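Visitor: Just dropping this structure here.
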Amino acid sequence: MTAPASPSPPDERDHAGAVAPPPLLYLASILAGAGLQALRPLPFVPPGLARGIGIPLVAGALILFVLSMREFRRARTTVRPDRPTTTIIQTGPYRLSRNPVYLAMTLLHLGVAVWANSLWLLVTLALTLGVMSAGVIAREERYLERKFGDAYRAYKENVRRWL
């Protein structure tokens, strides 16, 4: 089920205004954590467990990402926060999380951190989650409330941000 958009006021930009594209935020974070790990390794998981935990996290992230992207295609709206959203997706993973794509990226980062056994990657993930919360998600929520009004507020009330 999706809720159609009502027109945005002409003086408001018709996108969320995220500080940066989320995939680039996560990629930069993973690269920074990997670089720090190369300079000064900080393992945090017993070596025998790293792969056994990390690989399923990465696989789960990829599955969640694919399922989430399928819903964007079905709804014929964009995943890009710098483009106008045309509908509120409430099907598939969006029944359980308002941000399953970001959850997938977070699980991917976490899985890589565990698989690489890098505490640095956990540190950079924590920083990225702060940026995502304030610079992406909060902005998207304000935009969606402004654009969809009560329909988005009702969705927000019934579906958690992450899980």
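Quick note: the coordinates plus some simple rules give every number you see, no bench work behind them. This structure is a prediction, so every number in the text was calculated from the model and none was measured. Glycine also receives a Cβ, built like all others from the backbone with ideal geometry; neighbour counts cover every protein chain displayed.
Visitor: Grab the DSSP H runs of the chain that are 4 residues or longer, score each as -39,500 (n - 2.57), total them, divide by all residues and round the 222 nm result to the nearest 500 deg cm²/dmol. Please report the intermediate quantities before stating the final value.
Guide: Details: 6 runs with 96 residues, N = 163.
Counting only the DSSP helices, I get -19500 deg cm²/dmol.
Visitor: For the stretch 34-115, what is one quarter of the convex hull surface built on the Cα atoms, given in nm²? Please report the intermediate quantities before stating the final value.
Guide: Details: hull surface 26.5 nm².
Computed as one quarter of the Cα hull surface, the answer is 6.6 nm².
Visitor: Using amide H atoms built 1.01 Å from N in the peptide plane, name the residues 5+ places from Ile88, or on other chains, whose amide H lies under 5 Å from its own.
Guide: Under 5 Å from the amide H of Ile88 lie the amide H atoms of Ala3, each far enough along the sequence or on another chain.
Visitor: Compare the peptides 148-157, 98-107 by average per-residue count of other Cβ atoms within 10 angstrom and give them in order, highest first.
Guide: Working: 148-157: 14.9, 98-107: 22.2.
Going from most to least packed, we get 98-107, 148-157.
Visitor: So how long is each side of the chain along the principal axes, counting just the alpha-carbon atoms, biggest first, in Å?
Guide: 53, 29, 24
Visitor: What do you get when you divide the Cα radius of gyration of the stretch 113-163 by 2.2 N^0.38 Å, with N the number of residues?
Guide: On the way: Rg = 15.1 Å, N = 51, 2.2 N^0.38 = 9.8 Å.
Expressed relative to 2.2 N^0.38 Å, the Cα Rg reads 1.54.
Visitor: Please state, rounded to one decimal and in Å, the Kirkwood hydrodynamic radius that the stretch 69-163 gives when every pair of distinct Cα atoms enters the mean of 1/r. It would help to have the intermediate numbers written out before the result.
Guide: Details: mean 1/r = 0.0694 Å⁻¹.
14.4 Å is the Kirkwood radius here.
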